[in-house]
Amino acid sequence: MSGPNATYRFCPQCAALLSLQTREEDSGPTERLRCTGCDFTHWNNPTPVLAAIVEFEGKVLLARNAAWSGRMFALITGFMEAGESPQEGIAREVAEETNLSVQELNLVGVYDFQRMNQVIVAYHAVATGEIRLSPELLEYKLFKPQDIRCWPGGTGVAMAQWLRNKGIEPQWMEPIQP
């Protein structure tokens, strides 16, 4: 099996084997992973991901994740915790990953990221403090907004929108070849 369903083989409720089964749903016949024992359905809904365009001392902080190969720098991202709002979640993520305190937070937009089966909720975060990276991040760079080159997908689309909102026409990097 490949794709987003590849990691799910057993039912989280009864541990029976999951199998691809087609059933009639509101939108017509739909194939999903379903339990062969208790009839559990794995819906495979997109995961919400929070992202921050962190503005620090008039520049934008982009960071390189420790898990990434290469020298790609991107926005601060993370997942919401149970019981917190998206705004609380992204402020927490910025603090955890950069040690900065968010002083102002504005929604940039919501973006589809189908390759990762995610929905990105992007914010512009004005932050203050002293930058200290968490072990999740290897390094950071501060960029003047007009010097940023947007990446063609995911949070790069949010960055382009934020730049346009500031009256800056985004520059794009070349797509990364698989």
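The values are calculated or read from the model by the stated rules, or taken from the named source; none is laboratory data. All figures in this text were calculated on a predicted structure; none of them were measured in a lab. Every residue, glycine as well, gets a Cβ built from its backbone with ideal geometry; the counts of neighbours run over all protein chains shown.
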So T98 ticks every box in (1) surrounded by fewer than 16 Cβ atoms within 10 Å (Cβ to Cβ); (2) of a type in the set (S, T, N, Q); (3) more than 30 Å from W43 (Cα to Cα) but one. Which box is left unticked?
(1)
Going through the stretch 52-94 in order, the residues found to be under 17 Å from E139 (Cβ atoms), hydrophobic (A, V, I, L, M, F, W, C) and more than 12 Å from the chain's Cα centre (by Cα) are V54, F56, V60, L61, L62, A63, A66, A67, W68, M72, F73, V94
When you scan the stretch 124-143, do you find a residue that is β-branched (V, I, T), over 21 Å from M72 (Cβ atoms) and touching a residue at least 24 places away in the same chain (Cβ under 8 Å), even just one?
yes
Select, from T155, T128, the only residue that is closer than 19 Å to A66 by Cβ and hydroxyl-bearing (S, T, Y).
T155
On the given criteria, is T30 among the polar types (S, T, N, Q) and touching a Leu at 6+ places or on another chain (Cβ under 8 Å)?
no
Does the stretch 1-20 include one or more residues that are of a type in the set (V, I, T) and not in a strand (DSSP E or B)?
yes
Filter the stretch 54-72 down to the residues that are within 21 Å of T128 (Cβ to Cβ) and either surrounded by 13 or more Cβ atoms within 10 Å (Cβ to Cβ) or modelled with pLDDT under 95 (or both) and list them by number.
V54, E55, F56, K59, V60, L61, L62, A63
Looking only at residues in the stretch 74-95 that are hydrophobic (A, V, I, L, M, F, W, C) and under 13 Å from A51 (Cβ atoms), which one is surrounded by the fewest Cβ atoms within 10 Å (Cβ to Cβ)?
F79
Only one of E97, E93, E55, E24 is in a strand (DSSP E or B) and touching a strand residue (DSSP E or B) at 6+ places or on another chain (Cβ under 7 Å), namely E55
